[in-house]
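Quick notes on the structure that follows.
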Amino acid sequence: QVQLVESGGGLVQAGGSLRLSCAASGRFFSINYMGWYRQGAGEQRELVATSTSGGSTNYADSVKGRFTISRDNAKNTVYLQMNSLKPEDTAVYYCYANGRASALAIFRDYWGQGTQVTVSS
């Protein structure tokens with residue numbers, strides 16, 4: 001059973017920092033993309049940042065220069081360092097991975113259960 005387990009969410013004041021972690025457990029043959037999405041109250045889920053296995057990264061314009069995604073391929077773990085947090089960053093943050101369980105399997109999407117990030121003004 002493949003699972004993505006997130007940690008690191010919480011409550012922080014505006015201007016503060018948080019670091020999210022997400023570890024993929026279970027049987028993975030390979031993982032292509034890993035990253036983070038978020039969903040604010042009453043809003044659609046949106047991309048925050050992604051990283052390929054080769055180290056290429058992509059960020060939403062709203063977080064560029066403030067958030068940094070990093071990845072440990074050996075541990076199948078992805079991190080999101082969030083600095084200069086703003087109240088509008090408040091959301092449930094979901095870990096995402098696109099991988100396959102074996103060499104013959106197709107790539108599929110996996111999601112974590114979500115972790116709440118609340119930024120107070």
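Tabulated data
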quantity: Shape call, the chain: gyration tensor on alpha carbons, a/c limit 1.5; calculated: prolate
quantity: Taking the chain and dividing mean pair separation by its residue count, relative contact order in percent (alpha carbons under 8 Å, at least six apart); calculated: 36
quantity: Beta bridge orientation in the chain: antiparallel %, DSSP, nearest 5; calculated: 90
quantity: Amide N proximity, segment 39-66 versus ASP109 label position 7 Å along Cα-to-Cβ, cut-off under 17 Å; calculated: 39-40, 43-52, 58-60
quantity: Residue among ALA24, TYR37, GLY9 farthest towards the positive dipole end of the chain, charges placed on Cβ; calculated: ALA24
quantity: Percent carbon-and-sulfur accessible area, the chain, ignoring ligands, DNA and RNA, probe 1.4 Å; calculated: 46
quantity: For segment 64-69, Karplus couplings with θ = phi - 60° (6.51, -1.76, 1.60), whole Hz, Gly/Pro x; calculated: 4, x, 10, 10, 9, 9
quantity: Simple Cβ-charge dipole of the chain, Lys/Arg +1 and Asp/Glu -1, about Cα centre, in debye nearest 20; calculated: 300
quantity: For segment 24-108, accessible area per residue (1.4 Å probe, heavy atoms of protein chains only), Å²; calculated: 52
quantity: In segment 1-110, trypsin sites (Lys or Arg not before Pro) in a DSSP loop with at most 16 other beta-carbon atoms within 10 Å; calculated: ARG27, ARG45, LYS64, ARG66
quantity: Unit charges at the beta carbon, dipole of the chain: most positive-side option, ASN76, TYR110, ASN58; calculated: ASN76
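The values are calculated or read from the model by the stated rules, or taken from the named source; none is laboratory data. Remember, predicted model here, so these are calculated numbers, not experimental data. So basically every Cβ, Gly included, is an ideal-geometry build from the backbone, and we count neighbours across all protein chains shown. Ligands, DNA and RNA are excluded from the accessible area calculation, which covers all protein heavy atoms including side chains. Shrake-Rupley method; radii C 1.70, N 1.55, O 1.52, S 1.80 Å.
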